Amino acid sequence: MLSPTHLRTLVTVVRLGSFADAARHLGYTPSAVSQQVATLERQIRTPLFERQAHAVRPTPTALALADRAIAVLAEVTSLAEDLPALTSGEAGRLRVGSFPTASRRLVPDWFARLRDTHPDLQVVLDEDEPEPLLERLRTGELDVALAYGYDLVPTRWPAGLRRTPLVDEPFVLVLPQGHPLADAETIALADLAEQTWVAPREQTAGARAQRRACAVVGFDQRVGFRSNDYGVVCRLVRAGLGIAVVPALGVEDTTGLVTRSIVDLTSQRHTVALHRAASARPGLDAILAQLVAAAAGPGGA
């Protein structure tokens, strides 16, 4: 029988590309990692890596085995962590991944509700952008991940994940006080063609969504500054350094700012919660129900 420990070591070596890096990540010595891989190779009677001077190259067998092992290890991890809840009735631990805007606007109310309804539940929050969070969800490091997608940038959610819709956000135009457009009767996207924009970082879904929206009405953005932190974006706008178009949840402090609707910008950002379809975590439906309620409250409305 294959050892989960050896499989986890295999997955880590494949992901990091070297025995030394895998050893540091797992808390082993490089020799221990090498021995575990060698044991696994003897068990399956097939080489798993081509040894090179400063790295190792996984064989096709290693890649296929590691891909299958990810799902197995996720369930082993889930089972091990749920044993206390199954044997003693304790609620166990909930590992949540969230992106920054949701961490500020949705997560606090959700966790407060869980404190009242699940007082013995230990909740752990980790924050990152959706792509790495979804990979950690797939490998079993997280139980729930909050992520987003844009109408103009179709999202392909990984197979094996289930979605719970939370918030559909319109986009709002953020202007500094005194801006010539602040008192306009209506504002269309084309009215922003000559403006300096504060935009999301390049190569992000947010940046692609903005470029596509502007291209539809015939112009390229003039971007002066980029940030994925909407607090920073709003401060740059407040300082008169540009205008911004952000999801509604991204605007918290409107001091010194004017927010307006853009009449022809109907696309939205959609925030969802995801979990593994095969997750056996007890009470997950009730936990997600509290998240849906929090999203419908003042923070997410």
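The values are calculated or read from the model by the stated rules, or taken from the named source; none is laboratory data. If you're wondering where the values come from, they're calculated on a predicted model, not measured in any experiment. Cβ: placed from backbone, ideal geometry, glycine included. Neighbour counts: every protein chain shown.
Worth pointing out:
- Residue list for region 1-59, restricted to those being in contact with a Phe, Trp or Tyr (Cβ under 7 Å, 6 or more places away or on another chain) and among the small types (Gly, Ala, Ser): SER34
- Taking every residue in region 252-272 that is part of a loop (DSSP other than H, G, I, E, B) and pairing it with any residue that is of a type in the set (Lys, Arg), at least 6 positions away or on another chain, the pairs with Cβ-Cβ distances below 8 Å are GLU252/ARG104; GLU252/ARG105; THR255/ARG238; GLY256/ARG238.
- Checking the stated criteria, LEU236 turns out not to satisfy the condition of being hydrophobic (A, V, I, L, M, F, W, C) and in contact with a helix residue (DSSP H, G or I) (Cβ under 9 Å, 6 or more places away or on another chain).
- Long-range neighbours under 6 Å by Cβ, at least six apart or interchain, first residue of a type in the set (Lys, Arg) within region 281-301, second at pLDDT 90 or above: ARG281/ASP143
- Total residues in region 179-234, condition among the small types (Gly, Ala, Ser), loosely packed, with under 15 Cβ neighbours inside 10 Å and touching a residue at least 24 places away in the same chain (Cβ under 8 Å): 6
- Subset of region 259-290 that is of a type in the set (Val, Ile, Thr) and surrounded by 17 or more Cβ atoms within 10 Å (Cβ to Cβ) - its residue that is nearest to GLY178 (Cα to Cα): ILE262
- Filtered residue count, region 43-81, keeping only those that are aliphatic (A, V, I, L, M), outside any helix (DSSP H, G or I) and surrounded by 12 or more Cβ atoms within 10 Å (Cβ to Cβ): 3
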